[in-house]
1. Any idea how many residues of segment 202-228 are modelled with pLDDT under 85 and within 15 Å of the ligand (Cβ to nearest atom)?
2. Is it fair to say V71 is over 19 Å from T53 (Cα atoms) and open to solvent by less than 20 Å² (accessible area, probe 1.4 Å)?
3. Checking N115 against (1) farther than 21 Å from Y151 by Cβ; (2) open to solvent by 30 Å² or more (accessible area, probe 1.4 Å): exactly one of these is not met. Which one?
4. Within 20 Å of G137 (Cα to Cα) and without any contact (Cβ under 8 Å) to a residue 40 or more places away in the chain: is that true of G98 in this structure?
5. Where residues in segment 186-201 are open to solvent by 30 Å² or more (accessible area, probe 1.4 Å) and farther than 18 Å from L76 by Cβ, which of them is nearest to the ligand (Cβ to nearest atom)?
6. Name the single residue that is nearest to the ligand (Cβ to nearest atom) among those in segment 229-241 being touching a residue at least 60 places away in the same chain (Cβ under 8 Å) and closer than 12 Å to K191 by Cβ.
7. Identify all residues within segment 76-112 that are charged (D, E, K, R), open to solvent by 30 Å² or more (accessible area, probe 1.4 Å) and closer than 16 Å to L51 by Cβ; write none if there are none.
8. Filter segment 29-51 down to residues that are among the aliphatic types (A, V, I, L, M) and touching a residue at least 60 places away in the same chain (Cβ under 8 Å) and give me whichever is surrounded by the fewest Cβ atoms within 10 Å (Cβ to Cβ).
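The values are calculated or read from the model by the stated rules, or taken from the named source; none is laboratory data. The model shown is predicted, which means the values in this text are computed figures rather than measured ones. So basically every Cβ, Gly included, is an ideal-geometry build from the backbone, and we count neighbours across all protein chains shown. Areas reflect the complete protein model, heavy atoms only, side chains present, ligands, DNA and RNA absent. Shrake-Rupley method; radii C 1.70, N 1.55, O 1.52, S 1.80 Å.
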Amino acid sequence: MNSSAFYKITYGLYIVTSWDGENFNGHISNTVFQITADPAWFAVGSHKKNLTTEYIQKSKVFTISVLQQDVDMKFLGPWGFQSGRDIDKFAAVDYRVGKTGAPIILDNTIAFIENEVESVIDTGTHILFIGKVVDAGILDEHQAPLTYAFYRNVIKGLSPENAPTYTGDKLAQEGGGSDKVALKEAQKMKKYRCSVCGYVYDPEAGDPPTGIPPGTAFEDIPDDWSCPVCGVLKKDFEVMD
Ligand code: FE
């Protein structure tokens, strides 16, 4: 079997949200598709370990917010690479509560589709929720929707571990060289890439929002600094050629 064939399937990227009657959560999904038109039914696939999956199982509703193409990794990071068990993903995002009670994301989105679950299919690692549309709307008529291909090829994003498209994106850990001191010198002002989300640390730009001024070599960043997109520590970054 050549699983490279899977890469020939096209996808969009969406934020799928739900609630448990009290709290909101959501995550990025590429497994979103329309099944029927009249009445309109949609399906979403969701990893069993995701908090949003638990919420959909409880409330029996889910909302699809369609991401716009013009979006950056810093917005996508918390939705794709961090868990609602660790952070409040809604603290710094504009949203409103829809008909189902689940939130509709208003930042970086162009449309929403609200659904009530009609059918649930267990697919092993994931659950496929099939829902009937109860409301839908356009938020921005002019922006293009974000596709998975654009995310991979232009934004240079990786797949989160719980995504169906995840194939072990983590790059091989760097091996130790014989002349470590010389190697370190040579790497001084090199760019480093987060092995989890694909965020690139550029020493020229630094990371001013977290107090790292432009011109700071990666090696000089404090060890407790974390990826501004997905939150992993320095040790999960790899030097780029
Ligand atoms: Fe990261």
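1. 2
2. yes
3. Among (1) farther than 21 Å from Y151 by Cβ; (2) open to solvent by 30 Å² or more (accessible area, probe 1.4 Å), the lone unmet condition for N115 is (2).
4. yes
5. Among those residues, the one meeting the criterion is K191.
6. Of everything passing the filter in segment 229-241, E238 is nearest to the ligand (Cβ to nearest atom).
7. Hits for segment 76-112 are R85, D86, D88.
8. I35
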